[in-house]
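Here's the structure, in structure tokens; my notes come after.
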Amino acid sequence: MTDLEAYRSDMEGCSRCCNCKWIPLSQIKSRRYSQVCPSSQYYEFHAYSGSGKLNVALSTLDGRTEFDETAAAIMYSCTMCGGCDVGCKSYRNDIDLVDTFAAARARAVELGHYEVEHLLLVENMQKQNNVFGRAREERADWAEGLALIDANREEVDVLFHVGCRYSYDETQREGARAAARLLLATGLRVGISGTAESCCGVRAYETGFQAELANFADDMISRARSSGAEYVAVACSDCFGAFNVTYPAADKALPVPVRHVTEIAADLLDSGRLDLRPVRPRRVTYHDPCNLGRKGHDWQGTFEGRKIDRPDHMRRDGRGGRYSAPRRLVEAIPGVELIEMERTREFSWCCGAGGGCLEARPEFAIATAQERIEEALSTGADAMVTSCPWCIHTFREGLARLHDEGDDRQIEILDVNLLVTESLEAAS
């Protein structure tokens, strides 16, 4: 929904309690890692918090201030991670902060106050069906030699949507291949759309270019239907969020369920079909990607009526995210010890890549990633494992920047799919 006025009650209902800045008091383990909002921590001004952005948007609606470039810049200085939303909903159920921000960003685009970097992102998607502007003919290069079916020619049981980052980022190609090997271990007919695969479109939507989502959604719906697949599998948390939440919220639900690869692999583990063998001993900590974690709650429809009367199952407070499957996989690998960070599950800190910040606010994005790296290092872990290629990319960039600045501390940034396949392929 692009109508900012539709969220007036959300903005007027803010009590200025500032719980959008912190994880709930009952969950705080130390002052150092007690904040949940990257924007308010980085910019150190209330306007950048969840409450502050509601105030700014309401002021423009009431005509007290203009929705100018300054107001738009505040809206865009946000990773759209949902941390503020979870903090708020720990105490109440009638404000949807991230949805309000999305509507404000759509308003910014309507007024021409979009970020140039976001416009270039959308143009890349329009021209080459990916956020990087790379040739669409290169999209399936990662899959060379794998026994995957061309879903454009044959029906499949599982349609694997790989996503832009896994498809084009050569540094993460092995992560995509590991995810495919896990899917093939199901014994089902696994296929990909190859060069016909398109971006999920969620980055256009999040940056305010909401009208662009429809074309990508319609394409994905068509491919999912024609493939004959029982479900769509994804390894990217952003694609998971797009298909599982953003699409149905826009009345563009896929005709089949969406499952993350870690969920599928965990099912294989539970049924005794994954023979996990000892790997090099590691102490690892797991990072919850926002769109798989606190924003990974299955879409339950739009509630008609006063939001304060919404039933609990429609309360998107983060508890319905996918938290157990990746952890079960990590803990099942012989030689690996899982150590949790202080902020975890729905209260996790963001990697910094979302909301268009990696493209338009790179310094903010990297600083956000470095905050999470500091938290991971504080656990004494040798590695930080996660299940999203965007998180992996930003963490690696943040760690490289620390090293450039003379900080020689080390921590591996690992793809959970690679860690699992390493165990599967380890010598007995």
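The values are calculated or read from the model by the stated rules, or taken from the named source; none is laboratory data. Keep in mind the model is a prediction, meaning the values are calculated, not measured. Counting neighbours? That spans all protein chains shown, and the Cβs are built from the backbone with ideal geometry, glycine included.
Take the conditions (1) in contact with a helix residue (DSSP H, G or I) (Cβ under 6 Å, 6 or more places away or on another chain); (2) closer than 25 Å to M220 by Cα; D85 misses just one of them, which is (2). Residues in the stretch 297-334 that are farther than 25 Å from M80 by Cβ and surrounded by 14 or more Cβ atoms within 10 Å (Cβ to Cβ): R328, L329, V330, A332, I333. Checked against (1) within 17 Å of the chain's Cα centre (by Cα); (2) surrounded by fewer than 24 Cβ atoms within 10 Å (Cβ to Cβ), V261 meets all criteria but (2). Taken as a whole, the structure leaves A102 outside the set of residues that are assigned by TED's automatic domain parsing to the domain that holds K53, farther than 24 Å from L292 by Cβ and either surrounded by fewer than 21 Cβ atoms within 10 Å (Cβ to Cβ) or among the small types (G, A, S) (or both). I'm checking my understanding of the structure. Among residues of the stretch 166-221 that are more than 18 Å from V256 (Cβ to Cβ) and of a type in the set (D, E), which one is surrounded by the most Cβ atoms within 10 Å (Cβ to Cβ)? Residue satisfying both the conditions and the ranking: E206.
In the stretch 274-294 there is at least one residue matching the filter, namely being farther than 21 Å from L402 by Cα and part of a strand (DSSP E or B). The residue that is farthest from D3 (Cα to Cα), among those in the stretch 77-133 that are touching a Gly at 6+ places or on another chain (Cβ under 7 Å) and among the polar types (S, T, N, Q), is N124. The helices (runs of 4 or more DSSP H) found entirely in the stretch 151-254 that carry 2 or more residues being touching a Gly at 6+ places or on another chain (Cβ under 6 Å) are 213-227. For the stretch 2-30: of the residues being in a loop (DSSP other than H, G, I, E, B) and touching a Phe, Trp or Tyr at 6+ places or on another chain (Cβ under 8 Å), which is surrounded by the most Cβ atoms within 10 Å (Cβ to Cβ)? Residue satisfying both the conditions and the ranking: I23.
Checking the conditions here, which among A72, A47 is at negative phi, crowded, with 23+ Cβ neighbours inside 10 Å and modelled with pLDDT of 95 or more? Unique residue meeting the criteria: A72.
Could you check how many residues of the stretch 342-360 are part of a loop (DSSP other than H, G, I, E, B), over 30 Å from F132 (Cβ atoms) and either of a type outside the set (V, I, T) or not assigned by TED's automatic domain parsing to the domain that holds T394 (or both)?
Start the filter on the stretch 342-360 by keeping residues that are part of a loop (DSSP other than H, G, I, E, B), which leaves 342-344, 348-356.
Applying the additional criterion that residues be over 30 Å from F132 (Cβ atoms) yields 342-344.
Adding the requirement that they be either of a type outside the set (V, I, T) or not assigned by TED's automatic domain parsing to the domain that holds T394 (or both) leaves 342-343.
Final tally of qualifying residues: 2.
Cβ separations smaller than 6 Å between residues 6+ apart or across chains give the following pairs from the stretch 389-412 residues that are on the phi < 0 side of the Ramachandran plot to residues that are of a type in the set (S, T, Y): P389/Y166. For Y33, the conditions (1) closer than 21 Å to R345 by Cβ; (2) assigned to a helix (DSSP H, G or I); (3) of a type outside the set (S, T, N, Q) all hold with the exception of (2).
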